[in-house]
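Working notes, structure below.
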């Protein structure tokens, strides 16, 4: 059996228009300059959203608020659901920190990311390599088997073929199309016992970042999938026996859905950043940055503490807090003299 990977897909008018829209939005975002304070705060939100969405897709019951609390204050005795959240966050932070090193997509990286995703959830022996046993994909509602992935002995060759295809075509195929093909084929191969979805979403994010989309820290394409998990699984997965359907797989509809998700998320990021554009009422001043920096260092700020950072009058300070609150950068907590401001 030939293991060379040659995906079938068509660049439909819809797909072409989505690619053009993605190029337009990302070019516009990459050409703009925004204050570091804003980017730092929005990046924190994006990380929380990515962690919440990607683990939520796999059935993690924690809410976005709970995820934010866990990421901020790691619990001492953690449940598996909390481990999943912390693991995904660790893998995401690892990729972010290593972006400038231009990480190459290879077997070692794939295995490392899956280990990070499943750390503490499986025995170490089961995380050393690709799966060595058969697996089946079940319908989460009925429990019925809907897909039988490739046999374990074929996994390494199939993964090698996919990685080779991606690395050979980085400068030939549109980066978004290439990332989309990688995403679906990885799910089709199903190389691990568990954590396939979380692993591929992290690696897809890396591919998008490495190929010119400089919104990695602000971008949570997992968010789109989590809005309608059933639709995601219907598009990304297959139904039947891999060996009976592998030659008829067409990536076109998935790529249309995949690019829909990226456009949706880029529009969200653009709207967030546009709040801090040319409008004087939304642009951040030095005193605004002092408030955000203080919260970043200490977790919250009171009016009394703010008064020590600036010589602005009390009424003006109240307007400053209200501005930051309306921009969605801070939240007001407490009442009266116990009032303080913090991030979400």
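Over region 13-274, Cα pairs under 8 Å with separation of 6+ residues give a relative contact order of 28 percent. By the count of other C-beta atoms within 10 Å, a proxy for reagent exposure, 309, 255, 207, 329 are ordered fewest to most as 309, 207, 329, 255.
Defining a contact as two alpha carbons under 8 Å apart and six or more residues distant in sequence, what relative contact order in percent does region 286-342 show?
Details: 47 pairs, mean separation 20.4, N = 57.
Relative contact order of region 286-342: 36 percent.
For residue 132 and residue 108, the difference between the fully extended length at 0.36 nm per residue and the C-alpha to C-alpha distance is 6.9 nm. A simple spin-label model places the labels of residue 247 and residue 337 8.2 nm from each other, with each point 7 Å out along Cα-to-Cβ. Among 9, 94, 225, 52, the order by Cβ neighbours within 10 angstrom, fewest to most, reads 94, 9, 225, 52.
Taking each DSSP H run with n ≥ 4 as -39500 (n - 2.57) and averaging over every residue of the chain yields -18500 deg cm²/dmol at 222 nm. Sorting 19, 78 by the number of Cβ atoms found within 10 Å of their own Cβ, with the fewest placed first, yields 78, 19. Counting 0.36 nm for each residue step from residue 289 to residue 274 and taking away their Cα separation leaves a gain of 3.7 nm.
Once the Cα atoms are used to define both axes, helix 80-97 deviates from the longest principal axis of the chain by about 80 degrees. Rounded to the nearest 10 degrees, the inclination of helix 175-189 to the longest alpha-carbon principal axis of the chain is 60 degrees. Helix 36-57 and the longest principal axis of the Cα set of the chain meet at an angle near 40°.
With Cα atoms as the point set, the radius of gyration and Dmax of region 77-207 evaluate to 15.1, 49 Å. Using only the alpha-carbon atoms of the chain as identical scatterers, what base-10 log of I(q)/I(0) does the Debye formula give at q = 0.12, 0.15 Å⁻¹? Log-scaled intensity ratios, in q order: -0.91, -1.30. Dividing the convex hull volume of the alpha carbon atoms of region 286-342 by its residue count gives 74 Å³ per residue.
Where a number appears in this text, it was derived from the coordinates with a stated rule and is not lab data. Because the structure is predicted, anything quoted here is derived from the model rather than measured. Cβ atoms come from the backbone with ideal geometry, glycine included; neighbour counts cover every protein chain shown.
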